[in-house]
Amino acid sequence: MLNTIRNDIYSVLERDPAARNTIEVLLCYPGLHAIWFHRFSHKLWRVGLKLSARWVSQLVRTLTGIEIHPGAKIGRIFFIDHGMGVVIGETAEIGNNVTIYHGVTLGGTSSQKVKRHPTIRDNVVVGAGAKVLGAIVIGEGSRIGANAVVVKSAPPNSVIVGVPGQVLIRSHEQASIDLEHNLLPDTIGETVAALVAHVEELEKKVNVNLSRSPLLHMPDHGIWHGEDFAI
């Protein structure tokens, strides 16, 4: 038990640069409090004291703003940063060294009493506001971008962005937990840019009069410009 608590505290100090010392982590991190209470409520759930387990989880929800169903299975060194608005459903399964941010939902998509929530493998990072829905599996070492809506499984070492979530497999594995939320691909924007470039090339080949400015231009450092963008 003491070793588990020590690892939990270390995970906060390692992953959150705002955490300055152990006392601050113990007193000021609701994600840590929610995890510790969940471990207690999960034990109650497993021995059949389901009402007591639900009551503990609801109490913690009121205190922390984090709702974890006592039936959810959570591995070691799980870190919830900020935490407000996090919802983890009954049949969710979370591996080791997982990090999730505020507003994340691990939700179900069935009214049947079956496995209906996602399985998150080891070393996964789930960005703020992301929704992972259904009995899907997110492979080890993957990163889910902020506000992504993930409704299908992803292989290990993936990056998932957008609505619905687009899965991209990385060319190399990450040596450690990947917390670089700003390094996310723009799959739709890159596809549109490629189409615009292709159309321009076709227009040149058929000798279309290009004296007028096209409605769309290629993005300049990620910024789109066009003549019909008056909104």
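For segment 55-62, check the following and say yes or no: at least one residue is buried (at least 20 other Cβ atoms within 10 Å of the Cβ), aromatic (Phe, Trp, Tyr) and in the same structural domain as residue 135 (by TED's automatic domain parsing).
No, segment 55-62 contains no residue that is buried (at least 20 other Cβ atoms within 10 Å of the Cβ), aromatic (Phe, Trp, Tyr) and in the same structural domain as residue 135 (by TED's automatic domain parsing).
Among the residues of segment 87-104, write down those that are outside any loop (DSSP other than H, G, I, E, B) and buried (at least 22 other Cβ atoms within 10 Å of the Cβ).
Hits for segment 87-104 are 88, 94, 99, 100.
Which one of 165, 134, 189, 127 is small (Gly, Ala, Ser), within 30 Å of residue 115 (Cβ to Cβ) and either at pLDDT below 85 or in contact with a Gly (Cβ under 6 Å, 6 or more places away or on another chain) (or both)?
That would be 127, the only listed residue that is small (Gly, Ala, Ser), within 30 Å of residue 115 (Cβ to Cβ) and either at pLDDT below 85 or in contact with a Gly (Cβ under 6 Å, 6 or more places away or on another chain) (or both).
When both residues are 6+ apart or on different chains and their Cβ atoms are under 6 Å apart, which pairs have a first residue that lies in segment 153-174 and is crowded, with 17+ Cβ neighbours inside 10 Å, and a second that is among the basic types (Lys, Arg)?
Close Cβ pairs satisfying both conditions: 157/170; 159/143.
Based on what the data block shows, is residue 45 touching a residue at least 24 places away in the same chain (Cβ under 8 Å), at negative phi and in a helix (DSSP H, G or I)?
So residue 45 fits the description; yes.
Would it be correct to say that residue 114 is in a strand (DSSP E or B) and either out of contact with any helix residue (DSSP H, G or I) (no Cβ under 8 Å at 6 or more places or on another chain) or surrounded by 19 or more Cβ atoms within 10 Å (Cβ to Cβ) (or both)?
The answer is no for residue 114.
The values are calculated or read from the model by the stated rules, or taken from the named source; none is laboratory data. Predicted, not measured: the structure shown is a model, and the values here were computed from it. No Cβ is skipped: glycine too gets one built from the backbone with ideal geometry, and neighbour counts run over all protein chains shown.
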